[in-house]
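The values are calculated or read from the model by the stated rules, or taken from the named source; none is laboratory data. Worth saying up front: this structure is predicted, and the values here are computed from it rather than measured. Cβ atoms come from the backbone with ideal geometry, glycine included; neighbour counts cover every protein chain shown.
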Amino acid sequence: MNMSVNASATQPKSSSVSFPSASTMDVLFTQAEIADRVKAIGDEISADYAGQSIVLIGVLKGAAIFLSDLARAIQVNNTFDFVSVSSYGRARVSSGAVKLIKDIDNPIEGKHVILVEDILDTGLTLSYLRGLMLQHKPASLKIATCLDKPERRLVPIEADYVAFKIPNRFVIGYGMDYAENYRNLPDIRLFPEELAGH
């Protein structure tokens, strides 16, 4: 009996799509700059909610790393939950239609809530989520975002806490991706415009 294994059958299939090395991209914000801003926002939130508990609600997947760092920078008691929405599908530019994929797991009625997002751009996703969260009757609802792209705004919404305002450029790293790549970068980089189609 031949026990040999076909080597090609066990090899992972290589993707036909190649992604440029992150080392070729300009750094917009360094790891140290991000840490400084997250600490500053954490201090601001801690002062705003002194003596209270808060619930951070992160928008998956992009906000996961920002939320993780922010939660540890906040000195008041906090817990977190997550929602997931789809507004991009497989496209790089939002379709404008927002669909809820995952709702919060725990009730937030009567609690102080902060929605945590990676990028506030058109405002469509956060406007949708704000309306959804208000239906749960929280005691208060604020928004924290790592990046704000005011040039892209289509609906009137602003964040209460903003780490950085940026121009209308496609960015990757610190949880933000291009086709599910680069999320693990510790800094935020400018993705080449000719590839972003943005």
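The table below lists the values:
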{"quantity": "When residues of segment 137-158 are limited to those that are touching an Asp or Glu at 6+ places or on another chain (Cβ under 6 Å) and in a loop (DSSP other than H, G, I, E, B), the one farthest from ASP103 (Cα to Cα)", "calculated": "LYS149"}
{"quantity": "Any hit, segment 178-194, residues being at pLDDT below 95, under 16 Å from the mean Cα position of the chain (by Cα) and closer than 18 Å to LEU56 by Cβ", "calculated": "no"}
{"quantity": "Matching residues in segment 146-161 - criterion: being closer than 18 Å to VAL171 by Cα and touching a residue at least 40 places away in the same chain (Cβ under 8 Å)", "calculated": "CYS146, LEU147"}
{"quantity": "Any chance ILE108 is modelled with pLDDT of 95 or more, part of a loop (DSSP other than H, G, I, E, B) and surrounded by 13 or more Cβ atoms within 10 Å (Cβ to Cβ)", "calculated": "yes"}
{"quantity": "Residue check for GLY51: at pLDDT 95 or above, of a type in the set (Gly, Ala, Ser) and assigned to a strand (DSSP E or B)", "calculated": "no"}
